[in-house]
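Written below as structure tokens is the structure these notes are about.
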Amino acid sequence: MLSRQTKRTILKILSMFSVVRGYNIPIIALAQYLSAIFIMAREKRALTVLLDFNLFIIVIVSGLTIASGYIINNFYDSKKDLINRPNKSRIDHLVSQRTKLQVYFTVNFVVALLAMLISFRAVMYFSSYIFLIWFYSHKLKKYPIIGNLTASFLAILPFFAMLLYYKNLYPEIFAHATFLFLLLLIREIIKDLENIKGDIANDYRTIPVIYGEIFAKKTITLLTILTVIPVYFLVEVYEVGYMDIYFYISLIILIFFLLLLWKANSKIQYLQLHIILKVIVVSGVFSIVLIDPSVLIHGRALLKI
């Protein structure tokens, strides 16, 4: 039998895992490695990319930065989450606000130390990233449009860190980034619709709160239509191998997504739409391997000289 103290410690660990959304970070790390192998450093052998120490540090530092961002966001959103996510909020509150801040500053200190192993520029980049996350959580997320744009921009910054590292400015990289950015921006507005009660109670000036749900749905519809532009370039102009299957399926799903959006009028329905977008984004991570499946099937890239 576990002692009471041991049980309490385990619950606090699970609580902190919930706060930092530990289930998201491995997916982001995987996305970074797959992006490096199949898009950003495609001229290099896969094994060379996998064994790159600097890339490993960038992935670790990105994960820690994202974790610290979730902590500070949770700290500022604690009152709102009591309304919007009561079950998760109860779990998160097993760790005190003071402890969360202590972990937050400790993680940021570790980020700075690890970034120093790469370069001073890496330290400045991730320090700026940490500051922007804090500024977003503290101020910007309470304002319409700019809060949504900032949140979406922050979500793709780990990939820009890799872009700066490899210095390969392939145009298709920006097409991929644009498609991802639009999906994340749509997701942010869906989250605002999903959390509208808590936002109103805590004076968050989001798009649905200020302009209404109909305007928010029109904005989402426009952004969804705009995803066709990067998809066109990725499928018709650039070479993405079999990943074009993913983009075609994504567009079909987005059509059904819009149909469901205009019928949605409850928190559970907006949550379902949120899940659909998450599935599209996560599926996109695994679909990167379709750009060149021979890397995995035949090991061609591993043997390339």
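Placing +1 at every Lys and Arg Cβ and -1 at every Asp and Glu Cβ, with all other atoms neutral, what dipole size does the chain have around its Cα centre, in debye to the nearest 20?
Details: 31 positive and 16 negative charges, 249 e Å.
About 1200 debye.
Given the Cα-Cα distance of ALA177 and LEU51 and 0.36 nm per residue of separation, how much length would full extension add, in nm?
Working: separation 126, 0.36 × 126 = 45.36 nm, distance 2.49 nm.
Between ALA177 and LEU51, full extension yields an extra 42.9 nm.
Pick out, in residue order, every one of the trypsin sites (Lys or Arg not before Pro) in segment 116-170 that is DSSP loop and has at most 15 other C-beta atoms within 10 Å; say none if there are none. Mind dumping the intermediate values first?
Numbers: sites: ARG121, LYS139, LYS141, LYS142, LYS167; in loops: LYS139, LYS167.
Qualifying residues, ordered by number: LYS139, LYS167.
Roughly how many Å² is the accessible area per residue of segment 127-224, as a whole number, for a 1.4 Å probe?
About 43 Å² of surface per residue is accessible.
Grab the beta carbon distance between LYS79 and TYR143, set R0 = 22 Å, and tell me the FRET efficiency rounded to 0.05.
Numbers: r = 18 Å, r/R0 = 0.80.
The computed FRET efficiency comes out at 0.80.
About the Cα centre of segment 1-86, how large is the charge dipole given +1 on each Lys and Arg Cβ and -1 on each Asp and Glu Cβ? Please answer in debye to the nearest 20. Don't skip to the answer; put the middle values down first.
Numbers: 11 positive and 4 negative charges, 87 e Å.
Computed charge dipole of segment 1-86: roughly 420 debye.
Mean-square fluctuation check for the chain, GNM, Cα pairs under 10 Å: which of VAL61, VAL237, VAL95 is largest?
VAL237
To the nearest 0.05, what FRET efficiency results for VAL282 and TYR170 with a Förster distance of 22 Å applied to their C-beta separation?
0.40
Could you compute the longest span of the chain free of GluC sites (Glu not before Pro) located in DSSP loops and having at most 15 other Cβ atoms within 10 Å, not counting the site residues?
On the way: sites that count: GLU43, GLU239.
Longest gap between qualifying sites, sites excluded: 44-238.
Distance between the C-alpha centers of segment 113-158 and segment 1-20? Whole Å please.
Cα centroid of segment 113-158 versus Cα centroid of segment 1-20: 30 Å apart.
So what's the back-of-envelope 222 nm ellipticity for the chain, counting only DSSP H runs of four-plus at -39500 (n - 2.57) apiece and dividing by all residues, rounded to 500? Intermediate values should be presented prior to the final figure.
Working: 18 runs with 233 residues, N = 305.
That calculation yields -24000 deg cm²/dmol at 222 nm.
Quantify, in whole percent, the carbon and sulfur part of the accessible surface of the chain (1.4 Å probe; protein heavy atoms only).
Values: 11290 of 15970 Å².
C and S fraction of accessible area: 71 percent.
Looking at segment 1-43, which chymotrypsin sites (Phe, Trp or Tyr not before Pro) are in a loop (DSSP not H, G, I, E or B) and have at most 11 other Cβ atoms within 10 Å?
Counting only loop positions with at most 11 other Cβ atoms within 10 Å, the chymotrypsin sites (Phe, Trp or Tyr not before Pro) in segment 1-43 are TYR23.
Among the listed pairs LYS139/LYS167; LYS80/LYS142; LYS88/LYS217; LYS7/LYS88; LYS142/LYS191, which are separated by more than 23 Å between their Cα atoms? Could you put the intermediate results ahead of the total?
Numbers: LYS139/LYS167 33 Å; LYS80/LYS142 11 Å; LYS88/LYS217 27 Å; LYS7/LYS88 19 Å; LYS142/LYS191 13 Å.
Distance filter (> 23 Å) returns LYS139/LYS167; LYS88/LYS217.
The values are calculated or read from the model by the stated rules, or taken from the named source; none is laboratory data. Nothing here was measured: the structure is a model prediction, and the numbers come from that model. Positions of Cβ are generated from backbone atoms using ideal geometry, with glycine treated the same way; all protein chains shown enter the neighbour counts. These accessible areas exclude ligands, DNA and RNA; they are computed on the full protein's heavy atoms, side chains included. Shrake-Rupley method; radii C 1.70, N 1.55, O 1.52, S 1.80 Å.
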